[in-house]
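Here's the structure we're looking at; comments come further down.
The values are calculated or read from the model by the stated rules, or taken from the named source; none is laboratory data. Treat the numbers as computed from the prediction; the structure is a model and nothing was measured. With ideal geometry, Cβ positions are generated from the backbone for all residues, glycine too; neighbour counts draw on all protein chains shown. Note: areas computed on protein heavy atoms with side chains; ligands, DNA, RNA excluded. Shrake-Rupley method; radii C 1.70, N 1.55, O 1.52, S 1.80 Å.
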Amino acid sequence: MSEGEDAGTLEYTPTWVVAAVCTVIVTISLAVERLIHYTGKYLKKKRQRPLYEALEKVKEELMLLGFISLLLTVFQSTIVKICVPQDITEHLLPCPLSGKPSDHNSTPDESADEGFCAAKGKVPLLPLEALHHLHIFIFVLAIVHVTFSVLTILFGGVKIRQWKAWEDSIQQENFDTEEVLRPKFTHVQEHDFIRGRFLGFGKCSVCKGWLHSFFKQFYGSITKSDYVSLRLGFITTHCRGNPKFNFHKYMIRALEDDFKKVVGISWYLWVFVVLFLLLNVHGWHTYFWIAFIPFSLLLALGTKLEHIISELAHEVAEKHIAIEGELAVHPSDDHFWFHRPKIVLFLIHFILFQNAFEIAFIFWIWVQYGLNSCIMGQVRYMVPRLVIGVFIQVLCSYSTLPLYAVVTQMGTHFKKSIFDEHIQVGLVDWAQKAKKRNKMLKTAEIVVQENATSTGPQLVEKECSQEENQRSNEIEPSNEIEPSNEMESSNTADASDNV
């Protein structure tokens, strides 16, 4: 090894430099770890179990990032020494070869790696600098996704908490159960919920309904009459004996439970990242067209959620002119795509990740290569992506997420968040104990059946042998008695002859 290469190793680095760098890295790591620890303690103290679980999910993502970083660091010397023919690396490039920088700008490590492969007449599969850039991009993507998910939940929570005034106004009416159950009639067509959502009958009304639902998501997505009617529909279906049920509190708990699913990065999201990196070819403008995927999905999802509310109003208006009591809708899974309300959460998760991916990709290219990079594209492609990203973030926070929070409660089944935390824990423990008990009973039945199957023939043989022994014991005495009878009869005959 040459003298110049030795000077760049740890052997010839001043100890105060090594100690200072280690101190800074360890200090930052411990500060982040302590921050997460005390945040978890605070959430536990406030009994915010869903948010605490979401924080644990963030810690899992950070651990995954650390593992990815470890793998890239440990195997980087092996990866850069994988040599391939040069023809393979000249296809599917994000930038044209004409703009490739000259080799004299490369670092000594890259020159050594290229020299290792050049001796074989080949080139490295992935250069060292490209590996570092990929490392940074994965880290930036995860951080931006977690940050955007937290901001979406916070801004959406602010919008949803504004509905608490509606819940308080309903709770402050000071009604009792007898008054609620007292017969009274409501004219359906005169109700605010029906007048705002029902657009008549016929094919024309269907088109008007979808158009109205599309534009409704941009302004006043949920009104007070919507909230009151949906709330009453949920209570009459699932909590009929408790008209004072706090629907708003239940909705907040359900949203907090769903947050821990949104903040994570699932395997199918990583598959999407790999596909984008594969299709980001020069001239295809994949980075531009892919921005319209979350944009289109978000508009379609908001329209569908608004249309579900209109369908619930249409069902009531179509069947009744006047009803006894308050107007209440009938929740059902039939109104959702594929009769599965959980698909809505999956789509929101994908939209938030895709939007975070777009913003993270732009930020990474800007910092790493500059705005003039061929990967970034021209300004006319970059500006629309930024505008779409901001629009998605705002619309999802202030419209789609609140719609999701209330409309997904209109399914056939309620969520476990309907119970308080201590009741949930009790029910989970009871279910686990019941499951274990049933498992033990099934195991005992199987053991008894196996024992009966294995010992049954032996018991039959034993019983048969006992019967045979008993019969033989009965037969042997009879054979001994018969000769004595014959002797007695012969003696009797002789005696008679003598007489």
Region 37-49 residues that are free of Cβ contacts under 8 Å to residues at least 12 places away in the same chain and within 22 Å of Ala254 (Cβ to Cβ), paired with ones that are acidic (Asp, Glu) and open to solvent by less than 100 Å² (accessible area, probe 1.4 Å) (beta carbon under 9 Å, 6 or more apart):
none
Qualifying residue in region 350-368 (condition: surrounded by 18 or more Cβ atoms within 10 Å (Cβ to Cβ) and either touching a Lys or Arg at 6+ places or on another chain (Cβ under 7 Å) or among the acidic types (Asp, Glu) (or both))
yes
Phe215: passes all of (1) at pLDDT 85 or above; (2) within 28 Å of Lys415 (Cβ to Cβ) but (2)
Conditions (1) modelled with pLDDT under 85; (2) open to solvent by 30 Å² or more (accessible area, probe 1.4 Å); (3) β-branched (Val, Ile, Thr); number of the one not met by Ile293:
(1)
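Go through region 336-349 and count every residue that is open to solvent by less than 20 Å² (accessible area, probe 1.4 Å) and in a helix (DSSP H, G or I).
So the first thing to find is which residues in region 336-349 are open to solvent by less than 20 Å² (accessible area, probe 1.4 Å), and the list is 336, 344, 348-349.
With the extra rule that they be in a helix (DSSP H, G or I), the set shrinks to 344, 348-349.
Summing the residues that are open to solvent by less than 20 Å² (accessible area, probe 1.4 Å) and in a helix (DSSP H, G or I) in region 336-349 gives 3.
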Which ones in region 97-140 are within 30 Å of Phe353 (Cβ to Cβ), out of contact with any strand residue (DSSP E or B) (no Cβ under 9 Å at 6 or more places or on another chain) and either assigned to a loop (DSSP other than H, G, I, E, B) or modelled with pLDDT under 65 (or both)?
Leu126, Pro127
Of the residues that make up region 352-370, is at least one over 18 Å from Leu151 (Cβ atoms) and charged (D, E, K, R)?
no
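Show me the helices (runs of 4 or more DSSP H) entirely contained within region 212-298 in which 3 or more residues are over 29 Å from Gly389 (Cβ atoms).
Values: elements: 224-238, 247-262, 267-279, 286-289.
The helices (runs of 4 or more DSSP H) meeting that bar are 224-238, 247-262.
Among the residues in region 320-333, are any open to solvent by less than 60 Å² (accessible area, probe 1.4 Å), β-branched (Val, Ile, Thr) and assigned to a loop (DSSP other than H, G, I, E, B)?
Pass one, region 320-333, residues open to solvent by less than 60 Å² (accessible area, probe 1.4 Å): 322-323, 325, 327-329, 331-333.
Still in the list and also β-branched (Val, Ile, Thr): 323, 329.
From what is left, the residues that are assigned to a loop (DSSP other than H, G, I, E, B) are 329.
Taking every residue of region 320-333 in turn, at least one turns out to be open to solvent by less than 60 Å² (accessible area, probe 1.4 Å), β-branched (Val, Ile, Thr) and assigned to a loop (DSSP other than H, G, I, E, B).
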The listed residue being without any contact (Cβ under 8 Å) to a residue 12 or more places away in the chain and surrounded by 10 or more Cβ atoms within 10 Å (Cβ to Cβ), out of Leu10, Leu30, Leu93:
Leu30
Give region 148-199 a look and list any residue that's open to solvent by 100 Å² or more (accessible area, probe 1.4 Å), assigned to a helix (DSSP H, G or I) and at pLDDT below 75, or say none.
Glu178, Leu181, Glu190
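Looking at this structure, is Val263 open to solvent by less than 50 Å² (accessible area, probe 1.4 Å), in contact with a Leu (Cβ under 8 Å, 6 or more places away or on another chain), more than 30 Å from Arg197 (Cα to Cα) and in contact (Cβ under 8 Å) with a residue 60 or more places away in the chain? Lay out the reasoning, then the answer.
Details: open to solvent by less than 50 Å² (accessible area, probe 1.4 Å): yes; in contact with a Leu (Cβ under 8 Å, 6 or more places away or on another chain): no; more than 30 Å from Arg197 (Cα to Cα): yes; in contact (Cβ under 8 Å) with a residue 60 or more places away in the chain: yes.
Here the answer is no, as Val263 does not meet what is asked.
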